[in-house]
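One structure is given below, encoded as structure tokens.
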Amino acid sequence: MSAGAPRGAGRPEGGLRASLSGLTTRGRSFLAAGIAAAGCAYVLGQGELLRVGLLLAALPLICVYALHRTRHRVSGSRRLTPGRVPAGGEARVQLRMDNVSRLPTGLLMLQDRVPYVLGPRPRFVLDRVEPGGRREVSYRVRSDLRGRYPLGPLQLRLTDPFGLVELTRSFSTYDTLTVIPRTEPLPPVHLAGEASGYGDGSRRALALAGDDDVIPRAYRRGDDLRRVHWRSTARYGELMVRREEQPQRSRATVLLDTRRIAFEGAGPDSAFEWAVSGAASTLVHLLEQGFSVRLLTDTGDSVPGEGGGGFSSGHESAEAAGLMMDTLAVVGHSDGAGLSRAYDAVRGGGGFGGAGAEGLLIAFFGDLDDVQTEMAAKMRQRAGGAVAFVLDSATWSAEPARNHAVPPLERRLSRLRDAGWTALAAPPGVAFGELWRHAGTARLGTGTSGGRA
């Protein structure tokens, strides 16, 4: 039941015998009274009483049969729009019931099962649906907590006009609502050490040495004939054209520290949720600026995938953005104690072009002891520019820090700055957009010139 096209459910389980269990107290009373009246009429030889008894006994059985047939001929569907919303945003769920039988339905009661964090369970009462008729209802769901939440299954309860039978049908299909972190629009700023995503410094020609060094390709329908390279055409015996300049996308890695020991507290206003939201805002902003971006965590896992160093390419940026947002929607704390795996992923190359020092590294760190501070400082050697947002549990949580080996915040920031990082503290309540703007104007790193990010 994804957005854009409703989906139905399979046939309900249970036969006609199972439907007899749907008799209400009134229906059972009618059946018992009818059987008793028929028995008395047989003993007393009263034909009129026998007919009354048979009527009383047959009425609930007829209602059972009618509802049983109707239950098999009522289809339900759900449409979720959109399927991915930011925390605090709303999604609309539309339910549709179709009566595909030749008989009208009785009273219909709809109930959709939703997690409690999305709000109360929606219930609807529908009047009689004519043969071939349709009824549509809708409700809205929202959550302040990111995650993936199942919607369904949809339950349909049918009753007859006399209130003798009540049957329930459950549809087996369900939808999933993905609540991604809340993002904040970021201003374009100059970060030290990195060219822009599609700026002049990132463009290169595939052939610049002259006519003899042109790298041609086969002619494709629609190519401008003025770009035909006649010498190569004569050589290969088919039309060949000069390649256009190819934009070389700058690369950026967003590193999210998820270690449980690095953060205190929980909930929407916790330090970890701030870091997740900041990472999401950074990813969206860099993709909009034309960067090839990957998401890296302290576990060493990168999104999207490991192919090509895990970076998104130009034609799949939208897909990569969705994949990274879906990952951040469900990311939780890791049990790791250090940043060694993330350091290996950065040092391994794919991240920053192998031997060359290129690319932008933006990190969101929790509490760092002296060893992990040194590990983070070394990551700077593999990046053309590096920005770190450091969160301190001592300022974010009223409870005493669990990790007593953590040095003072200023000491950690000073060590990162000495290594070339643009390191900024992230106190509680600060807007990430302000910190991002400050990162562009601060000259705490080694470089003083950079591109727009």
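Data table
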{"quantity": "Positions within segment 274-299 being farther than 15 Å from L360 by Cα and in a strand (DSSP E or B), in sequence order", "calculated": "T297"}
{"quantity": "Test: residue in segment 100-118 that is closer than 30 Å to M325 by Cα and exposed (fewer than 14 other Cβ atoms within 10 Å of the Cβ)", "calculated": "yes"}
{"quantity": "Filter pass, V64 being more than 30 Å from G119 (Cβ to Cβ) and surrounded by 18 or more Cβ atoms within 10 Å (Cβ to Cβ)", "calculated": "yes"}
{"quantity": "Subset of segment 67-93 (residues that are open to solvent by 50 Å² or more (accessible area, probe 1.4 Å) and assigned to a loop (DSSP other than H, G, I, E, B))", "calculated": "R73, P82"}
{"quantity": "Hits in segment 381-395 (condition: more than 30 Å from G359 (Cα to Cα) and surrounded by 24 or more Cβ atoms within 10 Å (Cβ to Cβ))", "calculated": "none"}
{"quantity": "Residue match in segment 256-269 (condition: open to solvent by less than 20 Å² (accessible area, probe 1.4 Å), part of a strand (DSSP E or B) and at pLDDT 95 or above)", "calculated": "yes"}
{"quantity": "Scope segment 135-166; condition closer than 14 Å to G76 by Cβ and not in a loop (DSSP other than H, G, I, E, B); matching residues", "calculated": "R135, E136, V137, S138, L151, L154, Q155, L156, R157, L158"}
{"quantity": "Filter result for the condition that a residue is farther than 17 Å from D257 by Cβ, at pLDDT below 95, open to solvent by less than 60 Å² (accessible area, probe 1.4 Å) and not in a strand (DSSP E or B), over G429, G445, G451", "calculated": "G445"}
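The values are calculated or read from the model by the stated rules, or taken from the named source; none is laboratory data. Remember, it's a predicted structure, so these values are computed and weren't measured experimentally. Cβ: placed from backbone, ideal geometry, glycine included. Neighbour counts: every protein chain shown. Protein only, heavy atoms only, side chains kept; ligands, DNA and RNA dropped before computing areas. Shrake-Rupley method; radii C 1.70, N 1.55, O 1.52, S 1.80 Å.
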